[in-house]
Amino acid sequence: MSARTVLYGLLLVVASSAAVLSFAALRDLALVCGFAPWLAWLLPVVVDAGAAAGSLVWLGGWSAESARRFARALALALLGLSVAANALGHGLAAFGIAPAWWVVVVVSAVAPAVLGAVVHLAVLVGRADVSAVEAAPLDELGNSDDAELLDERGLSRLWGRAPATQPTVVPTAEQRATVLIAEGAGRRRLARELEISEYEARRLLDRTRTAHDPADTARSAGGPDTEQDLGSERVHAINGAGLNGASYGTGGATS
């Protein structure tokens, strides 16, 4: 049998005996302070379970540093409370003294206080240890090549060689209107897309259709301005053809 096994066995005996004695003393103190007999046993459970939870986080070494500090304070406070309550309970029972009012108040406040402390401890354990995450200095970087890529401010030197980004071109309202009209959008869609009134959208459509009218294109090329001008030109062309025919017939007769 190894020494470690003997140590664990002795620890089990001491812990069991102390737990039973402390449980009985705290239960008797709860009874003296006015707790109901079927609820008095919960006082030692609260104190011992809270101390065990604090000791587990404090001595476990797997939680954040802030949680371990709070757990150490909680474990030591509850262990001290347990010792004081055991001594007080035995003293009151041995001499048959009724507890003072402030003793009843303190004992009654133990359960909610321990509950709040254990909940706070659980929240601290669930948090990440932000204080342990520290930026390593440049001279402690494992790769010297990585250290050479950083400047004195810790920024990458590759940013200077990065290609410049192209600015985003936002189309103007006229360009958007031209695209929408080319897609066959009506005045309601124009009003909705461009956030204008339907009257303005209708005027925009009229201007666009006028700009693409074939008659306007003919006028810009030097052709007839109106249908009346086109008809006049046709009449002149017919008359000219008639005159030429008449001249030809007269000439033939003369000859």
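Taken together, the values in this text are just the output of simple stated rules run on the coordinates, not laboratory data. Keep in mind that what you see is a predicted model, and the values were worked out from it rather than measured. Because the Cβ atoms are built from the backbone with ideal geometry, glycine has one as well, and the counts that use them run over all protein chains shown.
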*For q = 0.13, 0.14, 0.16 Å⁻¹, what log10 I(q)/I(0) does the stretch 6-128 give under the Debye formula with an equal point scatterer on each alpha carbon and no solvent?*
-0.57, -0.65, -0.81
*Lys and Arg at +1, Asp and Glu at -1: add these up for the other residues within a Cβ distance under 9 Å of Leu59 and post the number.*
+2
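Only loop residues by DSSP count here, and only those with at most 16 other Cβ atoms within 10 Å; note down the trypsin sites (Lys or Arg not before Pro) in the stretch 63-128 that meet that. Each step should come with its number before you reach the end.
Details: sites: Arg68, Arg69, Arg72, Arg127; in loops: Arg127.
For trypsin sites (Lys or Arg not before Pro) across the stretch 63-128 that sit outside H, G, I, E and B with at most 16 neighbouring Cβ atoms in 10 Å, the list reads Arg127.
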*How large is ³J(HN,Hα) for each residue in the stretch 24-34, as worked out from phi by the Karplus curve 6.51 cos²θ - 1.76 cosθ + 1.60 (θ = phi - 60°), to whole Hz, x for Gly and Pro?*
5, 5, 5, 5, 5, 5, 5, 5, 5, 7, x
*Distant-in-sequence amide H partners of Leu150 (H built 1.01 Å from N, under 5 Å)*: Arg157
*Report ³J(HN,Hα) in whole Hz for each residue of the stretch 196-204, in order, from the Karplus equation J = 6.51 cos²θ - 1.76 cosθ + 1.60 where θ = phi - 60°; Gly and Pro get x.*
10, 6, 5, 5, 5, 5, 5, 5, 5
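Could you give the length gained on full extension between Val45 and Gln175, defined as 0.36 nm per residue of separation minus the Cα-Cα distance, in nm? Each step should come with its number before you reach the end.
Details: separation 130, 0.36 × 130 = 46.80 nm, distance 7.73 nm.
Contour length minus Cα-Cα distance gives 39.1 nm.
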